[in-house]
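Worksheet for the structure shown next.
The values are calculated or read from the model by the stated rules, or taken from the named source; none is laboratory data. Just so it is clear, the structure is predicted and the values come from calculations on it, not from any experiment. Note that we place each Cβ from the backbone using ideal geometry, even for glycine, and neighbour counts take in every protein chain shown. When the accessible area is computed, the model is the full protein with side chains, heavy atoms only, and any ligands, DNA or RNA have been set aside. Shrake-Rupley method; radii C 1.70, N 1.55, O 1.52, S 1.80 Å.
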Amino acid sequence: MDFDVRTDGRLNYMIILVAFMFVSGAVILRYGGRESIPLWSLVPASLYGFILAATWIDYIGAHLVRLLVFFGAVCQIPDPIMGLTVLAWGNSIGDLSTNVTMARKGLANMGMTACFAGPCFTLLCGLGSGFAVLFATDPALTSLQVSLPPSVKVGFLSILCNCLLLIGNGVMVLKQRNGKITKTHAYVMFSLYGCYLAACVALQFTNVAKKNSSV
């Protein structure tokens, strides 16, 4: 009986992945050394670990979204509210812990840069790759109609206000405070996020009430 790595006419990627994993581990254990790993084996191992971590994050994230949709349907919570709260906090908790750790170790500039670089990467590369995959899977699709819900518009306004506050505070820091940021700015940013969250929740429940009244 011949062994075929194809299942239903398609290549079984899991078998190839497991085989590659065992071969890579055996090579690293044999030639890597006990005290230090050579650069020629460290770079492929790091790249493989990054790809594996990204794959697991994507897999777990997909199931997390299904779980949130299920709990939202059971508790009758709208999907945008779940996205504004639980999903948003879950996506950001890793960045929060990393940035706070870097700031405590004296790398405040690196942590602050990561606060802006992470959302920029998510917005630009995430949306760009999503639209690219969508258009690639459907060649007949040439354009896509996109509408911005009120919660997204409020989010854009909150981000704009936060950027203006940062610019104004930066000018004041350079001119009056000798390069030091006070706690007041942190409280202002927390208040701005609270206003954004409250406005989005109010708008969402107002839309739900209008739909129920029209029905």
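Solvent-accessible area assigned to carbon and sulfur over the stretch 51-202 amounts to 73 percent, based on a 1.4 Å probe. Projecting the Cα atoms of Leu124, Ser97, Leu68 onto the charge dipole of the stretch 51-181, computed from C-beta unit charges around the Cα centre, puts Ser97 farthest toward the positive end. Accessible surface comparison of Leu42, Leu84, probe 1.4 Å, protein chains only, largest first: the order is Leu42, Leu84.
Ordered by 1.4 Å accessible area with all protein chains kept, Lys153, Lys183 run largest first as Lys183, Lys153. For the pair Gln145 and Val43, label points projected 7 Å from Cα toward Cβ lie 5.0 nm apart. Using a probe of 1.4 Å, the accessible surface attributed to Tyr187 totals some 140 Å² when neighbouring protein chains are kept in position. Taking each residue as 0.36 nm, the span from Lys183 to Leu29 lengthens on full extension beyond its C-alpha to C-alpha distance by 50.4 nm. Measuring only protein heavy atoms, the 1.4 Å probe finds Phe116 accessible over about 90 Å². With a cut-off of 15 Å between beta carbons, the residues surrounding Thr122 carry a summed charge of -2, where Lys and Arg count +1 and Asp and Glu -1. Ranked from largest to smallest solvent-accessible area, with a 1.4 Å probe on the protein heavy atoms, Thr85, Thr206, Thr142 come out as Thr142, Thr206, Thr85. Compared with the direct C-alpha span, the chain from Leu192 to Ala114 gains 26.1 nm at full extension, assuming 0.36 nm per residue. Summed over the residues of the stretch 50-122 and divided among them, the accessible surface reaches 75 Å² per residue at a probe radius of 1.4 Å. Structural descriptor for the stretch 45-203: relative contact order 16 percent, calculated from alpha carbon pairs under 8 angstrom and at least 6 residues apart.
Counting heavy atoms of the protein chains alone, Met110 has an accessible area of about 100 Å² for a 1.4 Å probe.
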